[in-house]
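Any read-out appearing in this document is the output of simple, stated calculations on the displayed coordinates, not a laboratory observation. Predicted model only: the values in this text are computed from it and were never measured. Here the Cβ positions follow ideal geometry from the backbone for every residue, glycine too, while neighbour counts run over all protein chains shown.
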Amino acid sequence: MTVGELQAGAIDNRPILVFDSGVGGLSVLAEVRQALPKAPIVYVADNGGFPYGTKTEAEIAARVPALLGRLAERYRPRLIIIACNTASTIALPGVRAALDLPIVGTVPAIKPAAERSTSRVIGVLGTDATVRQPYVDDLSRQFASDCLVLRHGSAALVQLAEASLRGEATPDGAYSDALGGLLDQSGGDRMDTVVLACTHFPLVADRLAAIAPRPLTFVDGASGIARRTATLTRDHSWPDRATPAIAVFTAPIEVSEGLKASLAGFGLSKIERL
Ligand code: DGL
C-alpha cells in the first residue's frame, strides 16, 4: 500500500507477522491478539529450520534474516515480531540491518523476574543456544546484579511443548527433568522465580507448575511484547473486522487434527506453505 492510498483513507490490511521456529510464538500471539484484536495476523513457524535451540550462532544468524526477508516480500507486513528468544538474542541486529520495518524482538524476562523474586535466586529456563548468550549475562548484570541467576537449556522441553500442542500425551517425569536442571544446581533450593526464556515454555507452564516441588513464579515476556507492538502501531488504522489469521509453515508438514485444533484455538484457521 502506498502512502497516498493510506492518506486517501483506504483500509490498511497489512498484517503483523509473528515468527518462531515452531509453535512457541503462539504464546506471544495470544497476547498480541488480545491487545490488537483487529490486527491481521500471519503466524510463521519455521518448521524447516526447527529446532533453533541446538543450532550454532552462525546458523541462526544466517538463516533468520534471509528467511524474514523472503517472508516480508511475500506478506508485506507492517511490523514483524520475532517471537523466539533464540532467534532474537542471536539474529536481531542482522534482521534490523536487513529489513526496513519495525522489528520487535523477544528477550529473556530477567528484569521482571528480578523485580518479583523475594529469595533473590532466579532461574532462566531457555534453549541451549539462548542460555549461553552474552546477552543473558548483560541482562543479569543490568537488572539482577543482586540475584543468583541460574541457567538451564532444555531442548526436551521444546519438543514437549510441540507434542502437547499436537494433542499428544506428555509424561510428568519429562517436565520434572527440565525443571530439575535448575532446581538441582547449587542454590536451586532457594529459587522462587523462573524466567521462561523460550516462547515454547509458557505453553506448558501449567505442567511445570504442577510438578514443581514448591510454588514457583513463572515469568515470560509475552505481555511486554504485545504492549510494545501496540505502542509502535498506535497511529495505525486497522480493518474494521478481525480478518482470519494465517499460519504459514516453511517446510512440508502433516498438520494433525490435534495441531489443527490448537492452531484454531489461537485464531489460526487458514494454513499455508511458504
Ligand atoms: N521458541 C524458541 C525460543 O523462544 C526456540 C525453540 C527451538 O526452536 O529450539 O527460543
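Here are some notes:
- Rel. contact order, % - alpha carbon contacts under 8 angstrom, at least six apart, the stretch 126-262: 27
- Relative contact order (%) - the chain, alpha-carbon pairs under 8 angstrom, separation at least six: 26
- Residue exposure sequence - Cys84, Cys198 - by fewest surrounding Cβ within 10 Å: Cys84, Cys198
- Mean Kyte hydropathy of 1.6 or more with a Cα span along the axis of at least 18 Å, helices from DSSP in the chain: none
- The charge dipole of the stretch 24-104, taken about its Cα centre with unit charges on the Cβ atoms of Lys, Arg (+1), Asp and Glu (-1) only, comes to about 280 debye.
- Under 5 Å, built H, 5+ apart or other chain: amide partners of Val124: Leu150, Arg151, His152, Val195
- Choice from Arg96, Arg190, Arg74 with maximal GNM fluctuation in the chain (Cα, 10 Å cutoff): Arg74
- Taking Tyr175, Tyr52, Tyr135 and counting other C-beta atoms within 10 Å, the order from fewest to most: Tyr135, Tyr175, Tyr52
- Sequence-distant contacts, meaning Cα pairs under 8 Å at least 6 residues apart, place the relative contact order of the stretch 20-113 at 30 percent.
- Candidates Ala212, Thr86, Phe19 compared by Cα position along the dipole of the chain: farthest toward the positive end lies Phe19, with charges placed on Cβ.
- Reported value for the chain: 122 Å³ per residue, from the convex hull of its C-alpha atoms.
- Translational diffusion of the stretch 170-245, estimated by Stokes-Einstein from the Kirkwood radius over alpha carbon pairs at 4 °C in a medium of 1.567 mPa s, is 86 µm² per second.
- Which of Val158, Gln185, Gln142, positive extreme of dipole for the stretch 141-207 (C-beta unit charges): Gln142
- Using Cβ point charges alone (K and R +1, D and E -1), the dipole size of the stretch 227-274 about the Cα centre works out to roughly 220 debye.
- Note that the stretch 100-236 shows a convex hull volume over its alpha carbon atoms of 132 Å³ per residue.
- For the stretch 1-159, the Cβ-based charge dipole about the Cα centre amounts to some 160 debye (Lys, Arg positive; Asp, Glu negative; other atoms uncharged).
- D (Stokes-Einstein, µm²/s), Kirkwood Cα radius, the stretch 9-146, 1.002 mPa s at 20 °C: 134
- Efficiency of FRET between Asp137 and Ala212 - r from beta-carbon atoms, R0 25 angstrom, step 0.05: 0.45
- Computed per residue of the chain from DSSP H runs no shorter than four, each worth -39500 (n - 2.57), the mean residue ellipticity at 222 nm is -12500 deg cm²/dmol.
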